[in-house]
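This report concerns only the one structure given below.
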Amino acid sequence: MAQRRPGRQVGAEYERDLNPNALAGENYGLDADNVEAPPLLLSDIKEAHERLPRFSADELRRIPVLRPGSRLEQGGSYVDLAGDRRPFTATGDMTARPG
């Protein structure tokens, strides 16, 4: 009878096929796709000034905006400004959507 070995059970060439989102939901720092991109602020979006008239320009400069496709931090609190604008808590599989 074959003995079971701890650790990797399949070859590296099959790893991506068997587990395409290996680190989904894990928070290990910056998303590699967004490391080089400068931070986006709500003040950088023209429509924000029209949609949120109660916020001053200074307040809009202090609100960061995630780029589409950025992974949300599990357990983090966010507001979908393109949706119902209510706060929600992110789960590990959520990403920022365009809008």
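Miscellaneous remarks
- All positions within the stretch 72-82 that are farther than 15 Å from LEU42 by Cα and assigned to a loop (DSSP other than H, G, I, E, B): LEU72, GLU73, GLN74, GLY75, GLY76
- Residues (assigned to a helix (DSSP H, G or I), within 20 Å of the chain's Cα centre (by Cα) and modelled with pLDDT under 80) located in the stretch 10-66: ALA32, ASP33, ASN34
- Here GLY92 fits the description: touching a residue at least 60 places away in the same chain (Cβ under 8 Å) and part of a loop (DSSP other than H, G, I, E, B).
The values are calculated or read from the model by the stated rules, or taken from the named source; none is laboratory data. Nothing here was measured: the structure is a model prediction, and the numbers come from that model. Here Cβ is always computed from backbone atoms with ideal geometry, including for glycine, and neighbour counts include all displayed protein chains.
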